[in-house]
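The values are calculated or read from the model by the stated rules, or taken from the named source; none is laboratory data. In this text, all values refer to a predicted model and were calculated from it rather than measured experimentally. Cβ atoms come from the backbone with ideal geometry, glycine included; neighbour counts cover every protein chain shown.
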Amino acid sequence: MSTLLAFEDALEEIRRSASVRVEQQTTPLISSIGRILATDVVAGISVPPHDNSAMDGYAFACADWHAGKHFNVSQRITAGQHPVPLMPGTCARIFTGANIPAGADTVVMQENAELLDDKVIFNKQPTPADNIRPLGQDMQIGQTVVNAGEKITPIHIGLLSSLGITDVTVYKQLNVGILTTGDELIPTGHHLKAGQIYNSNGPMLSALVTQAGHNVSLCIHAADTLEATKDALKTLMQSCDVILSSGGVSVGEEDHVKDALEKLGKVHLWKIAIKPGKPLVHATLQGTPFLGLPGNPSSTLVTYHWFARLLLSICSGQIAELPQYYLVDAGFNRNKTIQRDEFLRVFIGKDGLAYAHPQQSSGALLAASESQGYLHIKANTLVEYGHSYSFYPFSGF
């Protein structure tokens, strides 16, 4: 029997052990884009605050209409003007967005009105409430309009501005520390020597964390020794709310991250039943959440998308939701199964089918760049041409 933790169980373990790691602060609404709302926002007014006209036209009491009736125009109402009550039996010239006067319950658009001298005729029988946007049609006073944990978007900025809100309570940005390991890794800008490769996971993780709206507060590369790994972790623990690492989490003689974690804190899980990305480790270091991702670049990307993203969301106060998937038919067969959930890098053809990138190595990052998302093949499942599987676009992460 496999000792690997199932994919769904690993997600649940991270969800269970994580909690908000940042404090709240008040910030101007206009500069809050991308921040995580810390408290529910409740409408203090109704929007619109009054019944108003959806059209340029004429407002009147529907009960006053009968075929051939000529209406006198008793007032002219523009947007922003406070109208007087409508004189009985008359109509008001009204413009889009203008308040409906007391005594009127219907608006006929100007294209359906006929002007005769100084009077107006409406030849088509009207319906009460036609072309009127009622008070509170969009939002009603006392209604929760944005929930705590939502990331503020430009739509939210407009929505809350329409309520007259100038400031919101948000969570402070999460400070994320990044640790990379591997004596073979060197930073870009240096000349490669025999046996060396450039460190791609550090920059990629920094970019992913920044794209998610968090702050990368410190990046450290540690030599492949237990002491160097412990020292790096201690430094990161002093200034970071959450720590992510890449590499050093497998079972090799030069993989020291797990040993360091056991000496400095508590390990919650190690090794999960997914491909790529099996050697994942989750721990807590004196209260600081830690997630160790595998060192192969595609494994780093997959485990960031599924596990680090979830951990960072919870720790930042954000509502932690899994990405949305779509059912897509496979454009290929695979006549073998594996005992792990697999995330194939695929692209969607013009025929709407999902095609696996020919390179699925955990060390190959170009495959992800040339693909559009993951096709989730659950453990012990064949891939059959024309059968539907869950497709997760990269944009959903």
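Pull up the stretch 220-243, narrow it to residues that are hydrophobic (A, V, I, L, M, F, W, C) and surrounded by fewer than 18 Cβ atoms within 10 Å (Cβ to Cβ), then point me to the one that is farthest from Ile178 (Cα to Cα).
From the stretch 220-243, those hydrophobic (A, V, I, L, M, F, W, C) are 220, 222-223, 226, 228, 232-233, 236-237, 240, 242-243; that's our starting set.
Keeping just the survivors that are surrounded by fewer than 18 Cβ atoms within 10 Å (Cβ to Cβ) gives 223, 226, 228, 237.
On the way: Ala223: 14, Leu226: 17, Ala228: 15, Met237: 11 Å.
Applying the filter and picking the extreme gives Leu226.
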Test: residue in the stretch 178-187 that is modelled with pLDDT under 95, outside the structural domain of Ala92 (by TED's automatic domain parsing) and surrounded by fewer than 14 Cβ atoms within 10 Å (Cβ to Cβ): yes
If you check every pair at least six apart or on different chains, which have Cβ atoms under 7 Å apart with a residue in the stretch 281-298 that is free of Cβ contacts under 8 Å to residues at least 24 places away in the same chain first and a residue that is surrounded by fewer than 22 Cβ atoms within 10 Å (Cβ to Cβ) second? Ala283/Gly265; Ala283/Lys266; Ala283/Val267; Ala283/His268
Please list, ordered by residue number, the strands (runs of 3 or more DSSP E) wholly in the stretch 317-397 having 3 or more residues that are at pLDDT 95 or above and touching a helix residue (DSSP H, G or I) at 6+ places or on another chain (Cβ under 6 Å). 341-348
Candidate set from the stretch 369-384 (those that are without any contact (Cβ under 8 Å) to a residue 60 or more places away in the chain and over 25 Å from the mean Cα position of the chain (by Cα)); member that is surrounded by the most Cβ atoms within 10 Å (Cβ to Cβ): Val383
Can you name the condition, by its number, that Tyr325 falls short on among (1) touching a residue at least 12 places away in the same chain (Cβ under 8 Å); (2) surrounded by fewer than 22 Cβ atoms within 10 Å (Cβ to Cβ); (3) farther than 29 Å from Ala38 by Cα? (3)
What residue, of Ala320, Ala273, Ala354, is of a type in the set (A, V, I, L, M) and touching a Ser or Thr at 6+ places or on another chain (Cβ under 6 Å)? Ala320
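Take Thr303 and decide whether it is closer than 22 Å to Lys271 by Cβ, surrounded by 16 or more Cβ atoms within 10 Å (Cβ to Cβ) and of a type in the set (Ser, Thr, Tyr). I'd like the intermediate steps shown before the answer.
Details: closer than 22 Å to Lys271 by Cβ: yes; surrounded by 16 or more Cβ atoms within 10 Å (Cβ to Cβ): yes; of a type in the set (Ser, Thr, Tyr): yes.
Considered against the rule, which asks whether it is closer than 22 Å to Lys271 by Cβ, surrounded by 16 or more Cβ atoms within 10 Å (Cβ to Cβ) and of a type in the set (Ser, Thr, Tyr), Thr303 comes out as yes.
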When (1) more than 23 Å from the chain's Cα centre (by Cα); (2) closer than 25 Å to Pro297 by Cβ; (3) surrounded by 16 or more Cβ atoms within 10 Å (Cβ to Cβ) are applied to Leu366, the one that fails is (3)
